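Participant: Just passing along the structure, written as structure tokens.
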Amino acid sequence: MIVKEINQYHITLIETQIIEHTTINEQLVSDFKDYVLERLENINLIESPDQELQKKLLYMAYLDSLAGARYPSKRNKKAFISVIKDYSTWEHSDRICPLALKKLSDKHPQYTELKGLTKKAYNQMVAQGGKFGAAQVNLHGLPSKDELDVVWPQDWNDDPNSPNRENLTQIIQLYNCRNSLVHSFQHRKESPYPRRNSNVIHYRQYMRAKGDSIITDLKHDEFELVHPIQFLYKLCTEVTLNMTKFFLEEETNPFERYYDDFGRY
């Protein structure tokens, strides 16, 4: 009878410890989520003459911080890319960037099939862009990785020093934008002209100004890839909510990783 009571005591004690541990972890994750989302909202509320640049820079830094908390052992680029791929539903992250594709094709003109895909992508962009630069080119019609695989030079597949097709994807262009902001403190300003769906990433054909005159003879290279602040805010929010679910399921203290390591470059 005494042994049975002792065993029951141990079982009850273990169950209590499990409950307490779960409760503590739930509270930690909840506190972490509230903490980072408050910081995110503070970025969103910034008002200044240069708020677009400031917000973009801070949104990128915010994603960096989440990437470091989730993947502390990965270098910055891999962690940044992984946290977006694993914890967001950005459907066009693997679409091919025509600007990066054209740069690669121009460097290697002997690959005619690659050049053909580039020309097709650019013709589609020009058709959508509009003569006066107010229209935008959305990402859903851009080449896919499967389309790129068909025309990718075979000798590049066998050479480890050959171009990397991943560098042509939209998610890498976002990381490149992050680098321009963080290291050069610059970005392309978004056009003041009206455009549709300004909360999504898009390409825009733009006008150049010379004095008081607008140059309307646009060329193919006069496109820019726009990462709107609304898109970045939504991306940061989604990654936060999905990543904190992971911390809860894995019973991990996110604060330890969040402040654990600086300088993963």
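Every read-out reported here was derived from the displayed coordinates using simple, explicitly stated rules and does not represent laboratory data. Please read all numbers here as calculations on a predicted model, not as lab measurements. Glycine also receives a Cβ, built like all others from the backbone with ideal geometry; neighbour counts cover every protein chain displayed.
Participant: Taking θ as phi - 60°, what are the ³J(HN,Hα) couplings along segment 53-70 by the Karplus curve (6.51, -1.76, 1.60), each to the nearest whole Hz, with x for Gly and Pro?
Facilitator: Running phi through 6.51 cos²θ - 1.76 cosθ + 1.60 with θ = phi - 60° gives 5, 5, 5, 4, 4, 6, 5, 5, 5, 4, 4, 4, 5, 5, 4, x, 5, 7 Hz.
Participant: Over what distance in Å are the Cα centres of segment 23-96 and segment 107-176 separated?
Facilitator: Computed from Cα coordinates, the inter-centre distance equals 28 Å.
Participant: Continuing with this model, one more query. Mind giving me the nanometre distance, one decimal, between the label points for Q110 and L53, set 7 Å out from Cα along Cα→Cβ?
Facilitator: Modelled inter-label distance: 4.3 nm.
Participant: Considering only DSSP states other than H, G, I, E and B, which chymotrypsin sites (Phe, Trp or Tyr not before Pro) in segment 80-153 qualify as loop sites with at most 16 other Cβ atoms within 10 Å?
Facilitator: F132
Participant: Under a Cβ-Cβ cut-off of 10 Å, what is the net charge of the residues other than Y87 that fall near it, where Lys and Arg count +1 and Asp and Glu count -1?
Facilitator: Local net charge: +1.
Participant: Here is a further query. Show me the trypsin sites (Lys or Arg not before Pro) within segment 93-163 that DSSP assigns to loop and that have at most 15 other Cβ atoms within 10 Å of their Cβ. Kindly include the intermediate steps, with their values, before the conclusion.
Facilitator: Details: sites: R95, K102, K103, K107, K115, K119, K120, K131, K145; in loops: R95, K131.
In loop regions of segment 93-163 (DSSP not H, G, I, E or B), the sparsely surrounded trypsin sites (Lys or Arg not before Pro) are K131.
Participant: Residues with beta-carbon under 13 Å from that of V239, excluding V239: net charge, scoring Lys, Arg +1 and Asp, Glu -1?
Facilitator: Summing Lys/Arg as +1 and Asp/Glu as -1 gives +2.
Participant: Shifting gears a bit: Quick one: length gained pulling H92 to E238 fully straight, 0.36 nm per residue minus the C-alpha distance?
Facilitator: Gain on stretching H92 to E238: 51.0 nm.
Participant: Once you've got the Cα coordinates, tell me which of K119/K145; K55/K234; K74/K103; K85/K245; K56/K107; K56/K103 are over 21 Å apart.
Facilitator: Values: K119/K145 16 Å; K55/K234 13 Å; K74/K103 29 Å; K85/K245 15 Å; K56/K107 31 Å; K56/K103 25 Å.
Flagged as over cut-off: K74/K103; K56/K107; K56/K103.
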